[in-house]
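Bear in mind that the values in this text are calculations on the coordinates, not laboratory data. The model shown is predicted, which means the values in this text are computed figures rather than measured ones. Here the Cβ positions follow ideal geometry from the backbone for every residue, glycine too, while neighbour counts run over all protein chains shown.
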Amino acid sequence: MDIKKVVIIGSGTMGSGIAAHLCNANIPVTLLDLKTEISEKAREKIHKSRPPLLIDKSKINNINVGNINDNFDVVKDADWIVEAVVERIDIKHNIYEKIFKSRKTGAIKKKKTKPQ
Ligand SMILES: NC(=O)c1ccc[n+]([C@@H]2O[C@H](COP(=O)([O-])OP(=O)(O)OC[C@H]3O[C@@H](n4cnc5c(N)ncnc54)[C@H](O)[C@@H]3O)[C@@H](O)[C@H]2O)c1
């Protein structure tokens, strides 16, 4: 499957690190957080990071930012949705419920793994 668009929910340590890797791979990514200012700050941090997270700083344009209330619709077009919010099970349940209502058929979700 071709991954052309990714949405990452939660733009902290994990979310912004994953966003930087996708950015380097030229895959457009949208970082969503509680407020757009938070994901905007995360994007700035990626851009200014030392040692650099980006191979080429111009790749920062692959990262869009937004917030989960006004911009959740981006999930509808995503091929892969990454949940990277704070470690709170109630918050994660709520996010997954919203993702499952919005994601398109075929978008990547967590697979059940067989026990070894
Ligand atoms: N940091 C690590 O080394 C690490 C390693 C493995 C797994 N994890 C897991 O990854 C997840 C994220 O960890 P982190 O270290 O990036 O946390 P973090 O605290 O750096 O970032 C969490 C982000 O989630 C945002 N957030 C909180 N509630 C939200 C909501 N309802 N909607 C959208 N965004 C929301 C916060 O504003 C924050 O920006 C956690 O489940 C953590 O256990 C982290």
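Couple of notes before you dig in:
- Order of THR36, THR105, THR30, THR13 - criterion: other Cβ atoms within 10 Å of each residue's Cβ, fewest first: THR105, THR13, THR36, THR30
- Within the chain: Cβ-based charge dipole about Cα centre, in debye rounded to nearest 20 (Lys, Arg +1; Asp, Glu -1): 400
- Taking every C-alpha pair closer than 8 Å and separated by at least 6 residues, the mean separation divided by the residue count of the chain gives a relative contact order of 31 percent.
- Degrees, to the nearest 10: 89-102 long Cα axis against longest axis of the chain: 80
- Computed [θ] at 222 nm, deg cm²/dmol, the chain (DSSP H ≥ 4; -39,500 (n - 2.57); rounded to nearest 500): -10500 deg cm²/dmol
- Potential extension, ASN94-LYS41 segment - 0.36 nm per residue separation minus Cα distance: 16.7 nm
- Beta bridges by DSSP in the chain, antiparallel share as percent, to the nearest 5: 0
- Inter-label distance, nm, simple model (7 Å from Cα along the C-beta direction), HIS21/ILE3: 0.8
- The protection proxy used here, the mean number of other Cβ atoms lying within 10 Å of each residue, ranks peptides 66-77, 90-101 as follows, highest first: 66-77, 90-101.
- Restricting attention to the stretch 6-102, lysine pairs at least eight places apart or on different chains and with alpha-carbon atoms under 25 angstrom apart total 23.
- Once the chain from LYS104 to ASP77 is taken as fully extended at 0.36 nm per residue, the excess over their C-alpha distance is 9.1 nm.
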